[in-house]
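Worksheet for the structure shown next.
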Amino acid sequence: MTTSGIGSKLLIDKSKVRQLEQELTPTKGDRPTNKRMTGEARRLDILTTALTTFAQTGYHSTSMNEIAAAAGVTKPVIYQHFDSKRHLYRQLIVQEGRRLIDQIATATAPSESGHQQVVSGFASYFRFAFENRSSYDLLFGSEARLEDDFKDAIADIEDEIAELVTNRIQIDADAHYRRVLAMGIIYMIEGSVRTWRNSWNDENQIGSFEQSGGMELASQLADLAWYGLRGVGSTPLLQ
């Protein structure tokens, strides 16, 4: 074989190699993105992932390794933000409880009348339970919420919601009695939401809150609370 022939063959082989390399090299869009996050952004991302993971497998059956894998980080990264699984779960309770409280407060603030405030408050609670099912189960449906490590955090959330309700109950009674009535209303809502959700044959087939019947049920329960309280003491009872 001549020297020129050998050189030609090498050129062809190199060309094939370059073509093969191009075919095997992923494009920019194909490569996994390991975007750098700020510390707070990473913390929020871990919380979001953990919420979904806990909802799927429960508190006790979920490991930090599983959360790390789902979040695309190593376990030491999680421990940079949370001391333990217990700490992570508790932070989720506080975060999602605050979201629920803020949603209720925002919904009731612009209402023109006491009755409309009650309707808006009930509706916002039902909407939260529908649109944030993992969050609602974490707060009011999981067994872990009754454990000593978490029940005080749940109690704080219920107390703050009760405060919103108590401030709108105006009857000839002391603050403690009005607080008891407020807690009764809250437990009525919680029980109603659980029964409402358990009645769904396939919750994934319900496209929106408006299609779920939640708004109608919330309005009826609001009327029950409004007119029921009107029989407890002097009027107006809610403002």
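Every number here is computed from the coordinates shown, using simple stated rules; none is lab data. Everything quoted here is computed from the prediction, not taken from an experiment. Counting neighbours? That spans all protein chains shown, and the Cβs are built from the backbone with ideal geometry, glycine included.
A few remarks follow.
- With the simple model of a label 7 Å out from the Cα in the direction of the Cβ, Ser208 to Asp172 spans 4.7 nm.
- Three-way shape call for segment 112-239 based on the alpha-carbon gyration tensor, with the a/c threshold at 1.5: oblate
- Segment 77-164: mean projected area of Cα convex hull, nm²: 6.4 nm²
- A simple spin-label model places the labels of Ala155 and Lys75 3.3 nm from each other, with each point 7 Å out along Cα-to-Cβ.
- Kirkwood Rh in Å, taken over all unlike Cα pairs in segment 37-82: 10.4 Å
- Whether segment 33-125 is rounded, prolate or oblate, judged on the alpha carbon gyration tensor where a/c under 1.5 counts as rounded: prolate
- Contour excess over end-to-end distance, with Cα ends at Met183 and Met37 and 0.36 nm allotted per residue: 48.4 nm
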